[in-house]
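Enquirer: Sharing a structure below in structure tokens format, with a few things to ask.
Each reported figure results from applying straightforward, stated rules to the coordinates on display, with no laboratory input. Keep in mind that what you see is a predicted model, and the values were worked out from it rather than measured. Cβ sites come from the backbone with ideal geometry, for glycine too, and all protein chains shown count toward neighbours.
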Amino acid sequence: DSGVTQTPKHLITATGQRVTLRCSPRSGDLSVYWYQQSLDQGLQFLIQYYNGEERAKGNILERFSAQQFPDLHSELNLSSLELGDSALYFCASSVEGRQYNEQFFGPGTRLTVL
Amino acid sequence: TQLLEQSPQFLSIQEGENLTVYCNSSSVFSSLQWYRQEPGEGPVLLVTVVTGGEVKKLKRLTFQFGDARKDSSLHITAAQPGDTGLYLCAGAGNQFYFGTGTSLTVIP
């Protein structure tokens, strides 16, 4: 158990819908990262927040957005869902925002878009 | 196009054999990490290397960072079934880049 929690574990929805994925970092960690993992694209970095502020942005689509709240939990919002958005979405946290800090990954949310 | 290419993509070996996984890039990274991921779980960090030429050992696993900080290797000695998993390298630049992954199966 990494100490990072993600909900829900599984999510099945239809194309065009909007979903919210939630992540609670390890106690004391200020930085949260979101990743998408699919069979054809591997593990792709989406976005990073540090203490409520956006720190780095990766391959995140405009239909996706994220935020980190004052209690440091984070949410990833996916809208206008397409079949290709089906993937595992991981959240990770680290103590500080430096890139080479150890990242602790949550168990992931498996999103299926039908 | 992946910034970090790993080879081989798939590897199936017998218990007790040695193996090496490579992680290559044309980009320079300030640090490089190796993770192992098991089915249905998130990646777990194995090691971080920061200095060019650095070698780190973790029991039967040996990690090396290339002198130019563009590549890395992971060598496993006397592989065991518990080593089975997806091995991912990850480089830190202006963001975090994960490699294409190497799926290792160790057959008892």
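Enquirer: When you look at B:Ala79, is it away from every other protein chain (no Cβ under 14 Å) and either loosely packed, with under 13 Cβ neighbours inside 10 Å or touching a residue at least 12 places away in the same chain (Cβ under 8 Å) (or both), yes or no? Quick ask: steps written out before the conclusion?
Expert: On the way: away from every other protein chain (no Cβ under 14 Å): yes; either loosely packed, with under 13 Cβ neighbours inside 10 Å or touching a residue at least 12 places away in the same chain (Cβ under 8 Å) (or both): yes.
Answer is yes for this residue.
Enquirer: Another question, if that's okay. Mind listing just one residue for me: the one in segment B:91-108 that is assigned to a strand (DSSP E or B) and more than 8 Å from chain A (Cβ to nearest Cβ) and, of those, nearest to B:Gln6 (Cα to Cα)?
Expert: Here the residue is B:Thr102.
Enquirer: I need the full set of residues from segment B:4-18 which are in contact with a Ser or Thr (Cβ under 9 Å, 6 or more places away or on another chain) and either in a strand (DSSP E or B) or buried (at least 16 other Cβ atoms within 10 Å of the Cβ) (or both), in order please.
Expert: Hits for segment B:4-18 are B:Leu4, B:Glu5, B:Gln6, B:Ser7, B:Phe10, B:Leu11, B:Ser12, B:Ile13.
Enquirer: In addition: Taking segment A:3-21 only, how many residues are closer than 22 Å to B:Phe98 by Cα and in a strand (DSSP E or B)?
Expert: Selection size over segment A:3-21: 3.
Enquirer: Applying the selection to segment B:10-59, what residues are more than 13 Å from the chain's Cα centre (by Cα), without any contact (Cβ under 8 Å) to a residue 12 or more places away in the chain and under 17 Å from A:Gln103 (Cβ atoms)?
Expert: Answer for segment B:10-59, where residues must be more than 13 Å from the chain's Cα centre (by Cα), without any contact (Cβ under 8 Å) to a residue 12 or more places away in the chain and under 17 Å from A:Gln103 (Cβ atoms): B:Glu41, B:Gly42.
Enquirer: Take B:Gly42 and tell me if it is out of contact with any His (no Cβ under 7 Å at 6 or more places or on another chain) and within 13 Å of chain A (Cβ to nearest Cβ).
Expert: yes
Enquirer: Looking only at segment A:57-113, count every residue that is without any contact (Cβ under 8 Å) to a residue 60 or more places away in the chain, within 10 Å of chain B (Cβ to nearest Cβ), of a type in the set (D, E, K, R) and outside any loop (DSSP other than H, G, I, E, B) and tell me the total.
Expert: Of segment A:57-113, the ones without any contact (Cβ under 8 Å) to a residue 60 or more places away in the chain are A:57-77, A:84-88, A:98-100, A:102.
Filter once more, so that each one left must be within 10 Å of chain B (Cβ to nearest Cβ): A:57-59, A:88, A:98-100, A:102.
Restricting the remaining residues to those that are of a type in the set (D, E, K, R) gives A:57, A:98, A:102.
Now restrict to residues that are outside any loop (DSSP other than H, G, I, E, B): A:57.
Residues flagged as without any contact (Cβ under 8 Å) to a residue 60 or more places away in the chain, within 10 Å of chain B (Cβ to nearest Cβ), of a type in the set (D, E, K, R) and outside any loop (DSSP other than H, G, I, E, B) within segment A:57-113 amount to 1.
Enquirer: For B:Ser7, indicate whether it is in contact (Cβ under 8 Å) with a residue 24 or more places away in the chain, within 10 Å of the chain's Cα centre (by Cα) and more than 26 Å from A:Ala56 (Cβ to Cβ).
Expert: In short, yes.
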